[in-house]
Structure formats: C-alpha cells, structure tokens
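Only the coordinates and a few stated rules stand behind these numbers; no lab work does. Note that the coordinates shown come from a computational prediction; the quantities given were computed from them, not determined experimentally. All Cβ positions, even for glycine, are placed from backbone atoms using ideal geometry, and neighbour counts span all protein chains on display.
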Amino acid sequence: MDPTSSKKTLIIIPAYNEERSIVGVVENIRKHATHADILVVDDGSQDRTARRARESGAMAISLPYNMGIGTAVQSGFLFAKQKGYHFAVQVDGDGQHPASEIPRLLAALEDGSDMAIGSRFVQPTNYRPPFLRAVGIKIFSLLVSLIVGTRVYDTTSGFRACGRKAIVLLTETYPHDYPEVEALITLHRNGMKFVEVPVEMNYRQEGKSSISAKAGVYYMLKVTLAVLVAVIKRRNGE
C-alpha cells in the first residue's frame, strides 16, 4: 500500500536559488508520492525558484530574505501543522534526494517512528562525501550515538520524514543554522523515536553547495558545541 494514500502528507522543499533544478525535483516527487502535496519554501532566492515551482504545480511560499535552512524547514513545519498534515517529508531542491524512496520513509512512520531519516551510511552505498564533510559526519555520528544510546549513522541527512508529534514539536523549537544534528537531540530529549532508512542518494544536479570549506569548519565546531551543550543540559536535568 502506498503510505501517502492513507495519511495527509506534505513534501517540504527548502530551496535557495534552485530554479534550474526545482521543476525536475517537483515532477519526480509527483511520480513517486502521487497523493502528497508539495510545498516549496523559497528562502529568499535571487532567481525564479518560487515562480518555477508554481509553474510546475507546487505550492510556494517566499521568505523575505535568505534566512537559512533551519528557518525554511521550520516554515514548512508550521504550514504542515496549521493545515493539519499527518506527515511531512523534507526533500532538498537540488535533486540529491531520491523521490522513489519517499514511500519507504512514510512506511517507517506508519510503523510507529516519529521521524524517518534517509540514511546514506546505515548500509554501504556509492555515495562518497568530500573529505572534510565525511570527517564531520563521523564526529556527529559518534556524539549523537553516545547521547541517544544507539548507533546513528547519518545525522546530517536532510532527507527525512516526520509524523504529527514531531511536526508539532519542531514548529516550537528548531535549530536555525545547521539544524539536522541538533533536531535529533531535540527529538530524543522529548521521548520521540527516529529510525534510519537506507537510501542511495544522488549527487547535486545543479549549482553548488552553500557550505564552503571554511564554512564547513565553522559548521563542525558550532554543531559540536551545540551537541555538547545538549549533553550538559541533560545531565543537569534541564
């Protein structure tokens, strides 16, 4: 059974200057999640991302300026909460996330998980991240695994699906700069369950990543500090 047919589902696509890829992403989602609604959150793009999204049949909202991935995704969660969606799936606008895997993420929610993560590393795949990013992924995996008490392989994946309880929680508290790792800590601290679903991801189809080498170092330091603060708060009972 197609999980999207049983629950009201929203696909959230945070996008910044993705006019060259957004139509293909929307069209591919329509093939594999036929009963889902699609919302593109235009994060202050300087190109025609929102216009192209609407032309492809998706809903689109535009933030007033580039506010970051966390704000864009949280805006999508707010929309999902207000409109009564049961499930929300985050999919990047650059074509990296395979729409064919969306039903598998939704099936994990149907089985009782609050979040399902499309994981590149829980099983061997052909995906090979750049060296610096690979180091960061391993560090975050170790830290989060220690906190939650079970092995987590892909803490930085932005391809993830949330059930209603997680949607509501993440509208109330969601990291803004580089949110994926911290969001897992938030779910764990609130007694919610997440599971990794193995997927074979694509490489970026158009454009380039917004995270440079310098920004990557900052990313690792900032997120590591945020995770350590979460550990301290937990031990102090906050």
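On a full-extension model of 0.36 nm per residue, what is the gain between residue 145 and residue 168, subtracting their alpha-carbon distance, rounded to one decimal in nm?
Extra length available between residue 145 and residue 168 comes to 5.9 nm.
From Cα pairs below 8 angstrom and at least 6 apart in sequence, can you work out the relative contact order of the stretch 64-214, rounded to a whole percent?
Across the stretch 64-214, relative contact order equals 40 percent.
List the aspartates and glutamates whose Cα sits under 19 Å from the Cα of residue 138, skipping any in the same chain fewer than 8 residues away.
154, 180, 182, 196, 200
Based only on other Cβ atoms within 10 Å, what is the fewest-to-most ordering of 47, 42, 94? Numbers along the way, then the final one.
Numbers: 47 16, 42 29, 94 23.
Taking fewest neighbouring Cβ atoms as first place, the list is 47, 94, 42.
From the square roots a ≥ b ≥ c of the eigenvalues of the alpha-carbon gyration tensor of the stretch 1-131, which class results: rounded (a/c under 1.5), prolate (a/b over b/c), or oblate?
oblate
Counting only C-alpha contacts under 8 Å and six or more residues apart, can you give the relative contact order of the stretch 1-55 as a whole percent?
The value is 48 percent.
Using R₀ = 22 Å, calculate the FRET efficiency as 1/(1 + (r/R₀)^6) where r is the Cβ-Cβ separation of residue 110 and residue 61; round to 0.05.
FRET efficiency, residue 110 to residue 61: 0.20.
Sort 188, 32 so that the residue with the fewest other Cβ atoms within 10 Å of its own Cβ comes first and the one with the most comes last. If you can, show how the numbers build up before the last one.
Details: 188 19, 32 15.
Ranked by crowding around the Cβ, least crowded first: 32, 188.
Rank the residues 85, 178, 65, 153 as a footprinting-exposure proxy: fewest other Cβ atoms within 10 Å of their Cβ go first.
65, 153, 178, 85
Can you pick out the pairs among 7/193; 7/81; 83/193 whose Cα atoms lie more than 21 Å from each other?
83/193
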